[in-house]
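One structure is given below, encoded as structure tokens.
The values are calculated or read from the model by the stated rules, or taken from the named source; none is laboratory data. This structure is a prediction, so every number in the text was calculated from the model and none was measured. A quick note on method: Cβ atoms are made from the backbone with ideal geometry, for glycine too, and the neighbour counts reach across all protein chains shown. The accessibility values were calculated without ligands, DNA or RNA, using every heavy atom of the protein model including side chains. Shrake-Rupley method; radii C 1.70, N 1.55, O 1.52, S 1.80 Å.
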Amino acid sequence: MKGVVRPRSRSLPVLLAALALALLTVLAPRAAAETSVSRIADALRENPVYVDPAASAQLSGAAADALRRRIEDAGKPLFVAVLPAGYPTARLFTDLRTATGVTGLYAIRLGDRFDARADSVVLSRRAVGNLVSSVRGEPDAATQLGDFTDRALPSMRGSAPASWGSSGGGGGVSTAGLVTAGVVLVAGGAGAYTLVRRNRRRHEEERRAALEKLRVVVDEDITAFGEELDRLDFHPAERGADDAMRADYERALDAYDQAKSAMAEASRPEDVRAVTQALEDGRFSLAQLAARRERRPLPERRPPCFFDPRHGPSVTDATWAPPGGAAREVPVCAADATRLADGRDPVIREVDSDYGRRPYWEAGPAYGPWAGGYFGGGLLPGLLVGTMLGGLMATPSYAGDYGSGYGDFGGGYDGGDVSGADFDPGDFGGGFGGGDFGGGGDFGGGGDFGGGF
């Protein structure tokens, strides 16, 4: 009896262990497949929002669908993934970006923690960091992801990937499918061409919208210069007028006509640079004319007043710092130089933006060509360091979207383009450390999601 009972008592834990091992062997691969980076990437290529089955309690199906529609309606390359709290974080952003292969902004909610990364052609590192910080501590995933999406979309560049317009499918291969396979292959080239044209058309629509925003500001500048000419008490045949004065006056008139013609013919944001260059030339000609008529020394050629180019050529440099930024030397007109010396604020040119009236250097990327025409020759980058426009213009693809205004930065993939693994992890970043979370790692470095802030 004892010999029989003893083996049975030993076999029970063995059987339980074997059963547990068998269950783990069967279930582990399936769980891994459901949450693998490759599976997430496949889903994001078809849909901007992925909710892991193990994280479905964080974001309901209805909330995920609403978020998806907002992103797709905006047509921007924003990818959102909701993952369970225990998901491995090492190199998560870099591996997901590589597997997805699409240039864009990637946001991940992992348990109750959140962060994002972006290719700089889509959104600057500073902008990503500011957006992430603005939604930290929000009460639930739906609120946090909704607010992040609403704040990110207006600032993003590029277009949604064409693959979002495709439909997934499954099933076996039918006879009819085999018969039509040849037709599909032939049509594939035409389909790909159609997708390329659609993306190109969307890109052109964005450029036209940026040009229309610029048109308002440039028309104000042209009108202001025309009023200066109307107020000018000068006639080429007046007593004391000489050939140099007449030449100055003629150049000012030509600049006015050139600015009007260039704006009428402008078809891209970068075309505006020629308009503001002409206006800057015309105002300098008027400054020379005034000096000749008053028998003063001719002014040196200086850039216009940084705070508002309509103030005319600058007369000196003054130290100034934007709110929260570092001090720098900027060219200023006599009136603004006096204001700064007296401790008063300069008279700043404000323009319309998505956030209301703002100084032009904080109003968005569309104003880069306008400013670049006034401040060419490499001066503008130094003047705008630490401002929104300065940060945006430093991205490699800025010239592709708006024209750099003062030089080209080279090419690159636009947001939404398929680049595969052809991207620089150091360029794909947020506002907290290196190319991945915590500098070289991923979420928080060493696997600590969201650490260090």
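Set the Förster distance to 30 Å, then compute FRET efficiency between R202 and S133 from the Cβ-Cβ distance, nearest 0.05. Walk me through the intermediate numbers first.
Values: r = 30 Å, r/R0 = 1.00.
Once the sixth-power term is evaluated, E becomes 0.50.
For V51, which sequence-distant residues (separation of 5 or more, or a different chain) have an amide H within less than 5 Å of its own amide H, given hydrogens modelled in the peptide plane?
Those lying under 5 Å, H to H, from V51 are V82.
Working out 0.36 nm times the residue gap between A85 and D147, then minus their Cα-Cα distance, what length gain in nm do you get to one decimal? Walk me through the numbers before you get to the answer.
Values: separation 62, 0.36 × 62 = 22.32 nm, distance 2.09 nm.
Length gained between A85 and D147: 20.2 nm.
Please state the relative contact order of the stretch 220-312 as a whole percent: Cα pairs under 8 Å, 6+ residues apart? All intermediate terms of the calculation are to be shown ahead of the outcome.
On the way: 78 pairs, mean separation 26.9, N = 93.
Once normalised by length, the contact order is 29 percent.
Calculate what fraction, in whole %, of the accessible area of the stretch 233-314 sits on carbon and sulfur atoms when a 1.4 Å probe is rolled over the protein chains.
So the carbon and sulfur contribution to the accessible surface is 45 percent.
Less than 15 Å from a label point 7 Å out along the Cα-to-Cβ axis of V347: which backbone N atoms in the stretch 273-309 qualify, by residue?
Only 305-309 fall inside the zone, counting backbone N under 15 Å.
Using modelled amide H (1.01 Å from N, peptide plane; none on Pro or chain starts), what sits under 5 Å from the amide H of G312, excluding residues fewer than 5 places away?
C305
Please identify every one of the GluC sites (Glu not before Pro) in the stretch 224-267 that sits in a loop by DSSP and has no more than 16 other beta carbons within 10 Å of its own beta carbon.
On the way: sites: E227, E228, E238, E250, E265; in loops: E238.
Loop-located and lightly packed - E238.
Can you give the accessible area per residue of the stretch 209-335, in Å², using a 1.4 Å probe? Let's see the in-between values first.
Values: 6350 Å² over 127 residues.
Normalised by residue count, the accessible surface of the stretch 209-335 is 50 Å².
Could you give me the ³J(HN,Hα) list for the stretch 267-275, computed from phi with Karplus coefficients 6.51, -1.76, 1.60 and θ = phi - 60°, whole Hz, x at Gly and Pro?
So the Karplus estimates, Gly and Pro as x, are 10, 9, x, 5, 5, 5, 4, 5, 5 Hz.
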